[in-house]
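Input: a single structure, listed below in structure tokens.
The values are calculated or read from the model by the stated rules, or taken from the named source; none is laboratory data. No experiment lies behind these values; they were computed from the predicted model shown. Here the Cβ is made from the backbone with ideal geometry for all residues, glycine too, and neighbour counts use every protein chain on show. Please note that ligands, DNA and RNA were not included when accessible areas were found on the heavy atoms of the full protein model with its side chains. Shrake-Rupley method; radii C 1.70, N 1.55, O 1.52, S 1.80 Å.
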Amino acid sequence: MLFALAMQPALEEIQTQLGSEAHVLAYLDDVFLLVPAPQAALSLRVAEEALRLRCGLTIKLSKCKTYDLAGARVRGPDFEKGVRFLEVPRSASGPLVGGPVGSPEHQAQTLRNEGLRNAKVLFETLPRLPTAQGGLVLLRSCGVPKFSYFLRVTPPRTGAAVASEFDQALA
């Protein structure tokens with residue numbers, strides 16, 4: 001929570017500088033810039049500067065990815081070496097801000113494979129911890145919030161069956 005509060009001024013500055021055509025989103029230390037393809041390089045520089053000046057954070061270009069839902073590549077000398085380009089056709093499925101995007105089948109499969117599977121591993125590990133209190137802290141801090149986030153960013157019809165499986169695994 002404190003990290004999010006510290007980042008808020010930088011995110012607001014980025015949004016102001018990029019204008020209404022851009023959308024600045026953040027989840028923990030991951031920042032997402034949804035901008036028109038021709039503005040991608042400038043947007044990255046704006047974000048890099050604001051995060052450096054306001055928060056002391058440095059963007060690692062080797063971890064940056066550029067998606068273009070139209071399937072085209074963002075090209076040009078403005079991108080420094082290290083930025084990865086990934087073409088994503090409009091009909092493709094994938095993650096966006098940590099949640100599955102695509103067909104209902106893809107969304108449900110992602111919830112099962114990433115959310116539910118990881119939660120089950122945590123649930124199986126909890127009884128082996130030295131204290132019940134430590135297990136409850138992990139459950140409250142990791143297991144339930146991550147899966148709940150998946151459910152919040154997925155349409156209810158898609159997540160209902162997987163949520164039921166999660167409840168059964170937790171019981």
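For the range 13-29, which positions are free of Cβ contacts under 8 Å to residues at least 12 places away in the same chain and over 11 Å from SER43 (Cβ atoms)?
Of everything in the range 13-29, those that are free of Cβ contacts under 8 Å to residues at least 12 places away in the same chain and over 11 Å from SER43 (Cβ atoms) turn out to be THR16, SER20.
Within the group ARG54, ARG45, which residue is under 30 Å from PRO145 (Cα atoms), part of a helix (DSSP H, G or I) and at pLDDT 85 or above?
Among ARG54, ARG45, only ARG54 is under 30 Å from PRO145 (Cα atoms), part of a helix (DSSP H, G or I) and at pLDDT 85 or above.
Pick from VAL24, VAL31: which is assigned to a strand (DSSP E or B), within 26 Å of VAL153 (Cα to Cα), open to solvent by less than 40 Å² (accessible area, probe 1.4 Å) and at pLDDT 80 or above?
VAL24
Do you know which residues across the range 105-128 are open to solvent by 80 Å² or more (accessible area, probe 1.4 Å) and under 15 Å from SER164 (Cα atoms)?
GLN109, ARG112, ARG117, LYS120
On the given criteria, is SER62 open to solvent by 70 Å² or more (accessible area, probe 1.4 Å), at pLDDT below 80 and part of a helix (DSSP H, G or I)?
yes
Which number in (1) modelled with pLDDT of 80 or more; (2) touching an Asp or Glu at 6+ places or on another chain (Cβ under 9 Å) marks the one condition that LEU122 misses?
Result: LEU122 fails condition (2) only.
Given the conditions (1) out of contact with any Asp or Glu (no Cβ under 8 Å at 6 or more places or on another chain); (2) hydrophobic (A, V, I, L, M, F, W, C); (3) open to solvent by less than 80 Å² (accessible area, probe 1.4 Å), which single one is not true for PHE150?
(1)
Between residues in the range 118-132 that are part of a helix (DSSP H, G or I) and residues that are of a type in the set (Lys, Arg), which pairs lie under 8 Å by C-beta distance while being six or more apart or on different chains?
ASN118/LYS146; ALA119/LYS146
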